[in-house]
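All of the numbers you see were taken from the coordinates with simple rules; none came from a lab. In this text the structure is predicted, and so the values were computed from the model without any measurement. Cβ placement follows ideal geometry from the backbone for every residue including glycine, while neighbour counts extend to all protein chains displayed.
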Amino acid sequence: MLRFALRVVQQRNEIMHTSSLPVKHFSEKSFKKPRMKVHPNVKILQSQGLGNRKFCEKILWSSEIFLNSAPFNPDNDLIQWGDTLSIDGNSYQISQFKYVLMNKPAGYETSHKPSRHRSVFELLPPHYLERGIQAAGRLDVDTTGLLLFSDDGQFIHRIISGKQGIKKEVEKVYVMALDTPLLDGQIDQLLNGVELQEEHDTEWVKASRAERLDDGRLRMGITTGKYHQVKRMLVAVGNHVTTLHRESVGPYRLPDDLAPGQWIEFDPTA
Ligand code: URA
């Protein structure tokens, strides 16, 4: 009996070792996990920064949703760019890119990792950050006014590089208060150009416009974006900026009724 059992074991081992059939192991690279097809409505919600796949599935199938004000059926209706979605009472404009215009308050840094103050990104909803929205340029912590944001890299590049369309420059217009009365000679100097010390050399920059508002206030435009450029230009002509506010960037103007810290979405093609 024992001999019979040993023979069976031996035969089984022989079969296993001599079999010409390849033995597949689950850890082999050839093993592919079947992919679950992601529903297009889930994909579009994910692209809006609303959460990961699981979370967006949960939103779709367990929230009260209206698509362009009509009741929404996640299995039959398809969400498209340009649609307005209301999810449990919160409204979302579904778009490939977001363009946001903020009235930056004083005391906020234009940085995702602020060093000593709060970040302007705290003022935006988390789903904007989740989809990768960035500031198109920076304002100093004490500067107020128009700050643009987007997740459209080409738009950001156009604003930062200062080229809008074919060689058209993006003018940024600031209003500032000065600590000594403005002299006519200082306005001429700003328009003709002043020399700024850069890291390795000096550079000439000039104002694209300079308009006296009253003795202590100036409206000035620039088309370049050097570090602390406006403040350094005023120091170069013997004055000093005490408050600085940005009114416009290229064709985009800060709406009069947008309070500090508030923001709105805008359409750059409009
Ligand atoms: N120039 C400055 O000096 N500061 C700003 O915030 C923007 C332009």
Name the aspartates and glutamates eligible as straight-distance cross-link partners of Lys172: C-alpha to C-alpha under 18 Å, and not fewer than 8 places from it in the same chain. Asp140, Asp142, Glu211, Glu247, Asp256
Using a basic spin-label model with each label point 7 Å from the Cα along Cα→Cβ, how many nm lie between Thr224 and Asn192? 1.8
So, in nm, how far is label Ala259 from label Thr242 when the simple model puts each one 7 Å beyond its Cα toward the Cβ? 2.6
What shape does region 40-93 take by its C-alpha gyration tensor, where a ≥ b ≥ c are the square roots of the eigenvalues and a/c under 1.5 counts as rounded, a/b above b/c as prolate, and the rest as oblate? rounded
Of the residues Gln46, Gln154, Gln134, which exhibits the maximal mean-square fluctuation in a Gaussian network model of the chain defined by a 10 Å Cα contact cut-off? Gln154
Using helices alone, what [θ] at 222 nm do you get for the chain, with -39,500 (n - 2.57) per DSSP H run of 4 or more residues, divided over all residues and rounded to the nearest 500? -7000 deg cm²/dmol
Sort Lys58, Lys37, Lys231 so that the residue with the fewest other Cβ atoms within 10 Å of its own Cβ comes first and the one with the most comes last. Lys37, Lys58, Lys231
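I'd like the antiparallel share, as a percent to the nearest 5, of DSSP beta bridges with both residues in the chain.
90
With 34 Å as the cut-off, how large is the P(r) tail for the chain, expressed as percent of Cα-Cα pairs?
Value for the chain (Cα pairs over 34 Å): 44 percent.
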